[in-house]
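Notes follow the structure.
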Amino acid sequence: MVNAIDRYAKENSVQPADSQLIVLAADSQATPTYKRLIRGQSAIWVTFKQILNVKVDLLNREAIAAPFMQRTLQNLAKELECDVQDVRVYIYKSSQNGVVLHVYHKTRPVRQMELSEVFTDSF
């Protein structure tokens, strides 16, 4: 994801801090979908393959990552006591902290999230 943030920033002639990815649920099962966000532009839907910058995911990374993201979205929805489709995780790059994840309920920022939370069963 960091490589995608850098690549999208370069393609759009902006700093990496002005490039973000958003992970959100496509449905009530929390199937993860993705948007690319560049400061000053509308968000654009992207696929996992586009994030990876590959035509074919030979290593099947999406199938490996999707259950972790799905479970994270479901856990966040429980924590926020909201519909899973109202949860957003913004991923961006910070010069001080590397990759930063922020949880949003619709458009309201809730909290910063640690990457390790994506790989655990509960918070």
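The values are calculated or read from the model by the stated rules, or taken from the named source; none is laboratory data. Quick caveat: nothing in here was measured; it's all calculated off a predicted structure. Cβ coordinates were reconstructed from backbone atoms using ideal geometry, including for glycine residues, and neighbour counts include every protein chain displayed.
Go through the stretch 42-63 and give me each residue that's touching a residue at least 24 places away in the same chain (Cβ under 8 Å) and loosely packed, with under 12 Cβ neighbours inside 10 Å.
N53
Is it true that Y34 is at pLDDT below 95, part of a strand (DSSP E or B) and either in contact with an Asp or Glu (Cβ under 6 Å, 6 or more places away or on another chain) or under 18 Å from R7 (Cβ atoms) (or both)?
no
Looking at A4, A66, which is the one that is within 13 Å of the chain's Cα centre (by Cα), without any contact (Cβ under 8 Å) to a residue 40 or more places away in the chain and within 22 Å of H102 (Cβ to Cβ)?
A66
Pick from the stretch 7-26 the residues that are assigned to a strand (DSSP E or B) and not hydroxyl-bearing (S, T, Y): which of them is farthest from the chain's Cα centre (by Cα)?
Filtering the stretch 7-26 for residues that are assigned to a strand (DSSP E or B) and not hydroxyl-bearing (S, T, Y), the one farthest from the chain's Cα centre (by Cα) comes out as A25.
One residue is enough: does the stretch 47-54 have a residue meeting the conditions under 23 Å from R108 (Cα atoms) and within 16 Å of the chain's Cα centre (by Cα)?
no
Give the stretch 77-96 a look and list any residue that's without any contact (Cβ under 8 Å) to a residue 40 or more places away in the chain and either assigned to a helix (DSSP H, G or I) or under 17 Å from the mean Cα position of the chain (by Cα) (or both), or say none.
If the condition is that a residue be without any contact (Cβ under 8 Å) to a residue 40 or more places away in the chain and either assigned to a helix (DSSP H, G or I) or under 17 Å from the mean Cα position of the chain (by Cα) (or both), then K78, L80, D86 are the ones that fit.
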